[in-house]
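Presented below is the structure to which this report refers.
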Amino acid sequence: MFRQLRARFGGPLAMAIVTLLGIWLIVMVTLPQLQMIEYSLRPNLLPAQIGGPDDRLTLANYATLFNNDIHRTIFFKTIWSSVLVTLLTLAVSYPLAWYLAKVATPRQAALCILLLIIPFWINEILRTYSWFIILAFRGPLNEVLMMLGLIDRPIRFLSGNGGVMVGMVYAYILFMVFPVYNAIESLDDNQVRAARDLGAGTVRTHRRIVIPHAKPGIATGCIMTFMLAAGSYAVPALLGSPGSRWFTQIIYNWFFEGGNWNQGAAYAFLLLVLCIGFMSLIMKVFKVGLGDIGK
Amino acid sequence: MDGSVRLDEVVMRFGDFTAIEKTSLAIGSGEFFSFLGPSGCGKTTLLNIVSGFLVPSEGQVYIGDEPMAGVPVNRRPTAMIFQNLALFPLMTVFENIEFGLEVRGVDKRKRREVSERLLALVALEGSGPKMVTELSGGQKQRVAIARALAVEPRVLLLDEPLSALDLKLRQHMRTELKAIQRKTGITFIYITHDQGEALNMSDRVAVMSAGRIQQVADPMTLYRQPATGFVAAFVGENNRLQARVIDCEGERVRLDGGALGELAGRASGSARLSNGEAAVLFVRPEHLRPVEPQASGPKLEGEIEAVHFEGAWVMLETRLVASGEKLRVQLGHELSRSQANTLSVGQRLVFGFDPADAVVLPDDGSPVVDEETGEVVEGRPAAAGGAHV
């Protein structure tokens, strides 16, 4: 990389770029993470006790999760719900990506992509609030459904998981649509035509030809969506009910309400390990390598 | 198994553009039928109409006398071999060939039997477990043929399938395609811009230009009796000389070639030639030979501009002394060794031809088309022997 930069910008500038990049990675990314690991391995002590006999390395913070039934339940519920969000997002995005890549004219596709992107010019919190309004007990969605006579009395969309699911699918749809779209777009039209010509119907053509080809894109989309969903804070905080607490909220509570950074850091690392594990699993299931995802 | 194909007044329009003018055509069951034409002439569109990828704006397609309107691609008794083959790269050779059978719910053992048999037919025994990406160009070609034959189509549609192969392999595959067609008895509809392929393999050829079929005939007739100027110029090589009809006597036509003097040829095509009408005389390079200046019959004097030695023959590029038009002359066995050594640029020679070999057609202003690229290389010659007034 350095050689290419030097060829392009000359020695001093290339050196400056690489140094800045190095500082950024070490000071802004690596060191804080290491500090967090350090935190997570120490007990939460009063300032006076720091450096004293109680200040030693321990795995007690990690053990907390497994001893606390509620936290453990929320931890696994977060995983399960994130998987659901990922699958829902895929189900919504795949037909959309197919339409954009193979059915729509270039004009229609451009318009559609623009319409998808515009809402993302707005802050995530605001977007999530707008769903809060739409899904509210006396909100417009209930009003419309009642006006159409589809329901007799308003539905509580925001109790339970429904609101969180809707909000997350909406928040992360682009992270799924674009990788899948890119993958499908690179498929030769004649592959689809050949499958049709040999007698395959729509479902089989997708199952045997399109999906295998788009697998790296689907894996990328699933990994991104899952990571974002599992690490999401705003959506469950705003659209969730007490019954649909997210693990990130627990982490937040440890940090900012419990004032126990050590415990929070341990929880955060457990979530990170979980996400990496899930990513590896997905890559194994889909038989894709890290190189495929970079494409 | 009736594999006949009939187009009944088929028209294809894309917006304002008419890709296929009203076309009716009957292709017999078991026939090797080719559509020959430059790129953009509408031949691929016609193929897509037969296969069902396109629905004609007007008219109807019949396969084995069954109307195909409303029958989707995956239910038609046709199979297509794509220009880029479109083999499934993530599947093995077996899986590729068996795909169509898998779709039809044929059980695994039966499928394997069929694919083994087809691999033997295309001389690829033992390649079944390989991935298609491991195969060479010629082998991929064979797999594509086997995959299409596996669904037992009544009509096999081939969209320039040999165009990606190198010359030697292409010539070899021609022979093989023809042999497979004879063995299976399936109707082959073959699309190509390569006249060599069309003439070599086909029972009949339809020459197409600008969305219109110019002529449908067996290869020999196309070559000997072109119906239009386009066919004469596109099929084989032809010199084009502008002239004016003096009179007709049966097939034989006397022509006034302007500066070129009196010429003669044989009337071709269905249009009647009337005296005094502008006409084009087509003389093939291989029908021209050097003659004594005093010899009888039509004569053309040309100055050699280039000599191309091709081994079996010599191609001369000459310019007519009288009119400045180009004249290509192919000299073969009639050229003695001593003559071959004396041919040089700037030399003037007189060429004669048998009027029975030269074809006269009304001047329809059809442009000359490059046989390889299918592009128009020459419009109407400007100063054409005084034929233009």
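So which of B:SER34, B:SER4, B:SER24, B:SER39 ends up being in contact with a strand residue (DSSP E or B) (Cβ under 7 Å, 6 or more places away or on another chain), farther than 30 Å from B:PRO129 by Cα, surrounded by fewer than 15 Cβ atoms within 10 Å (Cβ to Cβ) and small (Gly, Ala, Ser)? Show your work before the answer.
On the way: B:SER34 fails: surrounded by fewer than 15 Cβ atoms within 10 Å (Cβ to Cβ); B:SER4 fails: surrounded by fewer than 15 Cβ atoms within 10 Å (Cβ to Cβ); B:SER39 fails: in contact with a strand residue (DSSP E or B) (Cβ under 7 Å, 6 or more places away or on another chain).
Matching residue, one of B:SER34, B:SER4, B:SER24, B:SER39: B:SER24.
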Among residues of the range B:252-273 being without any contact (Cβ under 8 Å) to a residue 60 or more places away in the chain and part of a loop (DSSP other than H, G, I, E, B), the residue farthest from B:GLY324 (Cα to Cα) is B:SER270
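For (1) polar (S, T, N, Q); (2) farther than 30 Å from A:VAL180 by Cα; (3) in contact with a Pro (Cβ under 7 Å, 6 or more places away or on another chain), each residue gets a yes or a no:
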{"site": "A:ILE23", "(1), (2), (3)": "no, yes, no"}
{"site": "A:MET28", "(1), (2), (3)": "no, yes, no"}
{"site": "A:GLN35", "(1), (2), (3)": "yes, yes, no"}
{"site": "A:ASN44", "(1), (2), (3)": "yes, yes, no"}
{"site": "A:PRO53", "(1), (2), (3)": "no, yes, no"}
{"site": "A:THR58", "(1), (2), (3)": "yes, yes, yes"}
{"site": "A:ILE70", "(1), (2), (3)": "no, yes, no"}
{"site": "A:ILE79", "(1), (2), (3)": "no, no, no"}
{"site": "A:SER82", "(1), (2), (3)": "yes, no, no"}
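Being away from chain B (no Cβ under 14 Å) and farther than 24 Å from A:LEU115 by Cα is the filter; apply it to the range A:160-211 and report the residue that is surrounded by the most Cβ atoms within 10 Å (Cβ to Cβ).
Let us first name the residues in the range A:160-211 that are away from chain B (no Cβ under 14 Å), namely A:160-182, A:184-185.
Restricting the remaining residues to those that are farther than 24 Å from A:LEU115 by Cα gives A:160-162.
On the way: A:GLY160: 13, A:ASN161: 19, A:GLY162: 16.
So, considering only residues that are away from chain B (no Cβ under 14 Å) and farther than 24 Å from A:LEU115 by Cα, the one surrounded by the most Cβ atoms within 10 Å (Cβ to Cβ) is A:ASN161.
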The range A:1-96: helices (runs of 4 or more DSSP H) wholly inside it with 2 or more residues that are touching a residue at least 40 places away in the same chain (Cβ under 8 Å) are A:31-40, A:60-67
Six or more apart or on different chains, Cβ atoms under 9 Å: show the pairs whose first residue is in the range B:138-156 and in the same structural domain as B:LYS183 (by TED's automatic domain parsing) and without any contact (Cβ under 8 Å) to a residue 12 or more places away in the chain and whose second is crowded, with 24+ Cβ neighbours inside 10 Å and assigned to a helix (DSSP H, G or I).
B:GLU152/B:GLY100
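For the range B:114-123, state whether one or more residues are farther than 23 Å from B:GLU176 by Cα and more than 13 Å from chain A (Cβ to nearest Cβ). First the steps, then the outcome.
The initial filter retains those residues of the range B:114-123 that are farther than 23 Å from B:GLU176 by Cα, namely none.
No, that holds for no residue.
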Among the polar types (S, T, N, Q), closer than 19 Å to B:PRO153 by Cα, within 14 Å of another protein chain (Cβ to nearest Cβ) and buried (at least 20 other Cβ atoms within 10 Å of the Cβ): does that describe B:ASN96?
yes
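Is it true that A:PHE247 is more than 14 Å from chain B (Cβ to nearest Cβ), surrounded by fewer than 22 Cβ atoms within 10 Å (Cβ to Cβ) and out of contact with any strand residue (DSSP E or B) (no Cβ under 6 Å at 6 or more places or on another chain)?
Numbers: more than 14 Å from chain B (Cβ to nearest Cβ): yes; surrounded by fewer than 22 Cβ atoms within 10 Å (Cβ to Cβ): no; out of contact with any strand residue (DSSP E or B) (no Cβ under 6 Å at 6 or more places or on another chain): yes.
Criteria not met by A:PHE247.
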Give the residue that is surrounded by the most Cβ atoms within 10 Å (Cβ to Cβ), with candidates limited to residues of the range B:181-234 that are charged (D, E, K, R) and within 30 Å of B:ARG117 (Cβ to Cβ).
B:GLU197
Checked B:LEU90, B:LEU101, B:LEU149 against criteria (within 13 Å of another protein chain (Cβ to nearest Cβ), in a loop (DSSP other than H, G, I, E, B) and modelled with pLDDT of 90 or more); the one match is B:LEU90
Restricting to the range A:1-56, name every residue that is under 28 Å from A:GLY259 (Cα atoms), charged (D, E, K, R) and surrounded by 13 or more Cβ atoms within 10 Å (Cβ to Cβ).
A:ARG42
Could you please find all residues in the range B:60-81 being touching a strand residue (DSSP E or B) at 6+ places or on another chain (Cβ under 8 Å), within 12 Å of chain A (Cβ to nearest Cβ) and in a loop (DSSP other than H, G, I, E, B)?
B:ARG76, B:PRO77
Condition broken by B:ILE189, with the remaining ones in (1) in contact with an Asp or Glu (Cβ under 9 Å, 6 or more places away or on another chain); (2) more than 14 Å from chain A (Cβ to nearest Cβ) satisfied:
(2)
On the given criteria, is B:LEU167 surrounded by 18 or more Cβ atoms within 10 Å (Cβ to Cβ) and hydrophobic (A, V, I, L, M, F, W, C)?
no
Of (1) within 18 Å of the chain's Cα centre (by Cα); (2) farther than 11 Å from B:PHE32 by Cβ; (3) within 14 Å of chain A (Cβ to nearest Cβ); (4) not hydroxyl-bearing (Ser, Thr, Tyr), B:VAL155 fails just (1)
Output yes when any residue across the range B:234-241 is over 13 Å from B:LEU281 (Cα atoms) and β-branched (Val, Ile, Thr), and no when none is.
yes
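Go over the candidates B:ALA259, B:ALA340, B:ALA322, B:ALA278 one by one and state the one that is in contact with a helix residue (DSSP H, G or I) (Cβ under 9 Å, 6 or more places away or on another chain), more than 20 Å from B:GLU237 (Cα to Cα) and either modelled with pLDDT of 85 or more or not charged (D, E, K, R) (or both). Walk me through how you get there before you give the answer.
Numbers: B:ALA259 fails: in contact with a helix residue (DSSP H, G or I) (Cβ under 9 Å, 6 or more places away or on another chain); B:ALA340 fails: in contact with a helix residue (DSSP H, G or I) (Cβ under 9 Å, 6 or more places away or on another chain); B:ALA278 fails: in contact with a helix residue (DSSP H, G or I) (Cβ under 9 Å, 6 or more places away or on another chain).
B:ALA322 is the lone residue from the list that is in contact with a helix residue (DSSP H, G or I) (Cβ under 9 Å, 6 or more places away or on another chain), more than 20 Å from B:GLU237 (Cα to Cα) and either modelled with pLDDT of 85 or more or not charged (D, E, K, R) (or both).
The values are calculated or read from the model by the stated rules, or taken from the named source; none is laboratory data. What you see is a predicted model, and the numbers here were worked out from it, not measured in a lab. Glycine gets a Cβ as well: all are built from the backbone with ideal geometry, and neighbour counts include every protein chain shown.
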